[in-house]
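To start, the structure under review is shown below, and the notes come after it.
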């Protein structure tokens, strides 16, 4: 006999929507963030890996946490960015995924997008507040990596535009201590 958590994750893997819905209804959704005992993956990891935005939205609407990392420190957002899965990135960010989360090497989703030279993904992450100056464990930021690339000038232009946009938003009256 397998545990409820195992059965739930198996149903998600097998795309058994009725079984998943029944499990969530029977357990008051407590099972939604179950992690695989070996990989540490959740249902959101599984559906992100198969590029299934509909399931991402379904699971997060039922309370799945999009910020749980697997045993390697990888979140569903990192998976979606590494796959170039734009719709998945949008769905995860809409569900509250942390945009500047890091994996075990300190890499952020934005750094991954820069490595992939994914301009639309870079724009989306910047619009959601990604910090182009946050460094990974080697001390390099997305801005640093962009400067090293041949396509870096286009990416750096995106960073400059995001910097300007942030300054425009923060030009209103300021209350409290200043830096």
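Filter region 110-128 down to residues that are at pLDDT below 95 and assigned to a loop (DSSP other than H, G, I, E, B) and give me whichever is farthest from the chain's Cα centre (by Cα).
117
Kindly indicate whether residue 59 is modelled with pLDDT of 95 or more, in contact with a helix residue (DSSP H, G or I) (Cβ under 7 Å, 6 or more places away or on another chain) and over 30 Å from residue 133 (Cβ atoms). I'd like the intermediate steps shown before the answer.
Details: modelled with pLDDT of 95 or more: yes; in contact with a helix residue (DSSP H, G or I) (Cβ under 7 Å, 6 or more places away or on another chain): yes; over 30 Å from residue 133 (Cβ atoms): yes.
Yes.
Pull up region 90-107, narrow it to residues that are out of contact with any helix residue (DSSP H, G or I) (no Cβ under 7 Å at 6 or more places or on another chain) and closer than 18 Å to residue 71 by Cα, then point me to the one that is surrounded by the most Cβ atoms within 10 Å (Cβ to Cβ).
107
Here is a list: 150, 108. Which entry is touching a strand residue (DSSP E or B) at 6+ places or on another chain (Cβ under 9 Å) and farther than 19 Å from residue 10 by Cα?
Numbers: 150 fails: touching a strand residue (DSSP E or B) at 6+ places or on another chain (Cβ under 9 Å).
Criteria check complete, one pass: 108.
So for region 83-98 (the condition being under 27 Å from residue 57 (Cα atoms), assigned to a loop (DSSP other than H, G, I, E, B), modelled with pLDDT of 95 or more and more than 13 Å from the chain's Cα centre (by Cα)), does at least one residue qualify?
Taking every residue of region 83-98 in turn, none turns out to be under 27 Å from residue 57 (Cα atoms), assigned to a loop (DSSP other than H, G, I, E, B), modelled with pLDDT of 95 or more and more than 13 Å from the chain's Cα centre (by Cα).
Does residue 74 count as out of contact with any strand residue (DSSP E or B) (no Cβ under 8 Å at 6 or more places or on another chain), at pLDDT 95 or above and in a loop (DSSP other than H, G, I, E, B)? Full working, then the answer.
On the way: out of contact with any strand residue (DSSP E or B) (no Cβ under 8 Å at 6 or more places or on another chain): yes; at pLDDT 95 or above: yes; in a loop (DSSP other than H, G, I, E, B): yes.
Considered against the rule, which asks whether it is out of contact with any strand residue (DSSP E or B) (no Cβ under 8 Å at 6 or more places or on another chain), at pLDDT 95 or above and in a loop (DSSP other than H, G, I, E, B), residue 74 comes out as yes.
The values are calculated or read from the model by the stated rules, or taken from the named source; none is laboratory data. Note that this is a predicted model, so its numbers are computed, not measured. Counting neighbours? That spans all protein chains shown, and the Cβs are built from the backbone with ideal geometry, glycine included.
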